[in-house]
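What follows is a set of notes on a single structure, which appears directly below.
The values are calculated or read from the model by the stated rules, or taken from the named source; none is laboratory data. Keep in mind it's a predicted model, so treat the numbers as computed, not measured. Cβ placement follows ideal geometry from the backbone for every residue including glycine, while neighbour counts extend to all protein chains displayed.
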Amino acid sequence: MGWVPCRIMEQPLRIVVAKPGLDGHDRGAKVVARALRDAGHEVIYTGLRRTSQQIVDAVRDEDARFLGLSSLSGAHAHLFPQVCQKLVEAGLDDVIVFGGGIIPQEDRPALHQAGIRAVFGPGTPTSEILEFIQQASVKNDSGVGQESDWYWESSA
Amino acid sequence: MSDKLQQAISGDRRVMARLLSQIENGDLLVSEVLPDNQSIEYNSWSTMAITGAPGVGKSVLVDALMNQWAGQGLRVALLAVDPSSPRTGGALLGDRVRMSSVDNPNINERVYVRSIATRSSSGSVPLIVEDMAAFLIACGWERILIETVGSGQAELRCAAVADRIVVVEGPARGDGVQAEKAGLLELADIVLVNKADLDGAERHAGELRESYALDGEDAPDVLLTSGLKGIGIEEAAVALLELPSSGRALRARMRERLLGQHERRLVLHPSYNEVLNGLCEGTFDIDEALKQLQGEENERAS
């Protein structure tokens, strides 16, 4: 393997990757966490089966700029908006939230409505997630509780 | 600024977490907002480093101790350090996965956990952790635990940032000669042999005690614990809370501070990344790189 140019960023983004709810499959969350790590970000992984409140506490205490939620159990329609609501209640309205997992197209508008700026289904290239992170991080109104209609049109 | 500081001190954890990021990023100097409190305290401690090899059970043990101390009403903060990638600067910070104390609603008002990446520093603890700990103390956190990157025999940087050093060992960590080797074990104020439920823990503790016996009176205690099974945790929590400094680490502490600050100056130098790239490309050698990073620094200082 050849020399890799040093692309160490001045200040890496802090991103919490969390799994709300009861399903026990975290392969997807780990792949995303790894891709974010390899892109130079600091990823705080919370592990499986977290309550909404636990996730919000972690985002607050870790001062994360982004929150990635993963769900494969079908409970996303209930859990994701609940996390968003608690984030806003905790004054964390500028945190940027994205989600992934088995999430049917018809469920996505409601999630965008709740403040989730991207929903990635199975087969999404990790490069697309990095591109979303990059674009969202330079906007100043993409937080979960901020007034903006912007969301990422994902390919899968 | 002082408004934010006041909010953090009066218990706003969101503001406190944000200020900690500013300190970590070098945007806020602790020395400018807090009174100087660098004096070394021998009788009680504020900061305690928990160090030891990868996989000996530091995180689970720390969580068990935090459960104990927070349960008694103490406010305990943990700064958990994991390594940054030397290639990309990214990090996967996974210590929260094993933390039950932050998720226990009966005590989590008194528990704060913050994951920290080593970023550009070498060693098991970045020196900025000392400033972050000082800030947490100012915000009313009574005991600050620093969980280092899993580290081997000669990684002593934690001595630069903590009042006390706890070395966590596991069972069956090599033969009796390992216990005789110089290094980290010499600086320990106490040693916890974790995973006490497994074969070899008793024997390893015995070997360590035997080795320490040759040191005479100021030898550290060696306790058996299991963070997972809850063995020896209450005893360890009491012993650690009252732990006196062995006093053996003063010279090493100062040496680590000196070396650590020297490194930090190099790393924070504006041309650091440029010089690294130059080394990778072969445009200059190590001597020239050092000259560039130190020369300009000295000129600026003079």
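Here are the numbers for the structure shown:
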item: Residues that are more than 20 Å from A:Ile102 (Cβ to Cβ) and either more than 10 Å from chain B (Cβ to nearest Cβ) or β-branched (Val, Ile, Thr) (or both), drawn from the stretch A:54-73; result: A:Val56, A:Val59, A:Phe66
item: Pair list, Cβ < 7 Å and 6+ apart or interchain, from the stretch B:227-242 residues that are closer than 17 Å to B:Ala196 by Cα and assigned by TED's automatic domain parsing to the domain that holds B:Ser46 to residues that are aromatic (Phe, Trp, Tyr) and surrounded by 16 or more Cβ atoms within 10 Å (Cβ to Cβ); result: B:Ala237/B:Trp69
item: Answer residue from the stretch B:97-120, given it is of a type in the set (Lys, Arg) and under 22 Å from B:Val161 (Cα atoms) and is surrounded by the most Cβ atoms within 10 Å (Cβ to Cβ) among those; result: B:Arg114
item: Some residue of the stretch A:14-21 being of a type in the set (D, E, K, R) and over 15 Å from A:Ile96 (Cα atoms); result: yes
item: The stretch B:64-76: number of residues that are at positive phi and either among the aliphatic types (A, V, I, L, M) or facing chain A (nearest Cβ under 7 Å) (or both); result: 0
item: Enumeration of residues in the stretch A:14-33 that are buried (at least 20 other Cβ atoms within 10 Å of the Cβ) and either within 22 Å of B:Arg87 (Cβ to Cβ) or modelled with pLDDT under 80 (or both); result: A:Arg14, A:Ile15, A:Val17, A:Val32, A:Ala33
item: All positions within the stretch B:250-284 that are touching a residue at least 60 places away in the same chain (Cβ under 8 Å) and under 17 Å from A:Gln11 (Cα atoms); result: B:Arg264, B:Val267, B:Leu268, B:Tyr272
item: Matching residues in the stretch B:209-240 - criterion: being closer than 19 Å to B:Arg98 by Cα and among the aromatic types (Phe, Trp, Tyr); result: none
item: Evaluation of B:Ala138 against (1) within 16 Å of B:Arg13 (Cβ to Cβ); (2) within 14 Å of another protein chain (Cβ to nearest Cβ); (3) not β-branched (Val, Ile, Thr) (one fails), failing number; result: (2)
item: In the stretch A:45-66, the residues that are of a type outside the set (Gly, Ala, Ser) and part of a helix (DSSP H, G or I); result: A:Gln53, A:Gln54, A:Ile55, A:Val56, A:Asp57, A:Val59, A:Arg60, A:Asp61, A:Glu62
item: B:Gly183 being of a type in the set (Gly, Ala, Ser), modelled with pLDDT under 90 and within 27 Å of B:Arg98 (Cβ to Cβ); result: yes
item: Hey, B:Leu79 of a type outside the set (Ser, Thr, Tyr) and within 12 Å of chain A (Cβ to nearest Cβ) or not; result: yes
item: Hey, B:Arg265 surrounded by fewer than 16 Cβ atoms within 10 Å (Cβ to Cβ) and over 28 Å from B:Ala64 (Cβ atoms) or not; result: yes
item: Failed condition for A:Leu92, given (1) under 13 Å from the mean Cα position of the chain (by Cα); (2) within 13 Å of another protein chain (Cβ to nearest Cβ); (3) crowded, with 19+ Cβ neighbours inside 10 Å; result: (1)
item: Unmet requirement for A:Phe80, which otherwise passes all of (1) part of a loop (DSSP other than H, G, I, E, B); (2) over 18 Å from B:Met16 (Cα atoms); result: (1)
item: Residue among B:Asp215, B:Asp175, B:Asp197 that alone is charged (D, E, K, R) and at pLDDT 85 or above; result: B:Asp197
item: For B:Glu32: the one exception among (1) surrounded by fewer than 20 Cβ atoms within 10 Å (Cβ to Cβ); (2) within 11 Å of chain A (Cβ to nearest Cβ); result: (2)
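For (1) in contact with a Cys (Cβ under 8 Å, 6 or more places away or on another chain); (2) in contact (Cβ under 8 Å) with a residue 12 or more places away in the chain; (3) within 14 Å of another protein chain (Cβ to nearest Cβ), each residue gets a yes or a no:
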site: A:Arg37; (1), (2), (3): no, no, yes
site: A:His41; (1), (2), (3): no, yes, yes
site: A:Ser52; (1), (2), (3): no, yes, yes
site: A:Ala75; (1), (2), (3): no, yes, no
site: A:Pro81; (1), (2), (3): no, yes, no
site: A:Gly101; (1), (2), (3): no, yes, no
site: A:Pro109; (1), (2), (3): no, no, no
site: A:Ser137; (1), (2), (3): no, yes, no
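Here's the yes/no breakdown for (1) more than 7 Å from chain A (Cβ to nearest Cβ); (2) touching a helix residue (DSSP H, G or I) at 6+ places or on another chain (Cβ under 6 Å); (3) within 18 Å of B:Ile146 (Cα to Cα):
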residue	(1), (2), (3)
B:Pro83	yes, no, yes
B:Arg87	no, no, no
B:Ser101	yes, yes, yes
B:Asn106	yes, no, no
B:Glu109	yes, no, no
B:Ser122	yes, no, yes
B:Val125	yes, yes, yes
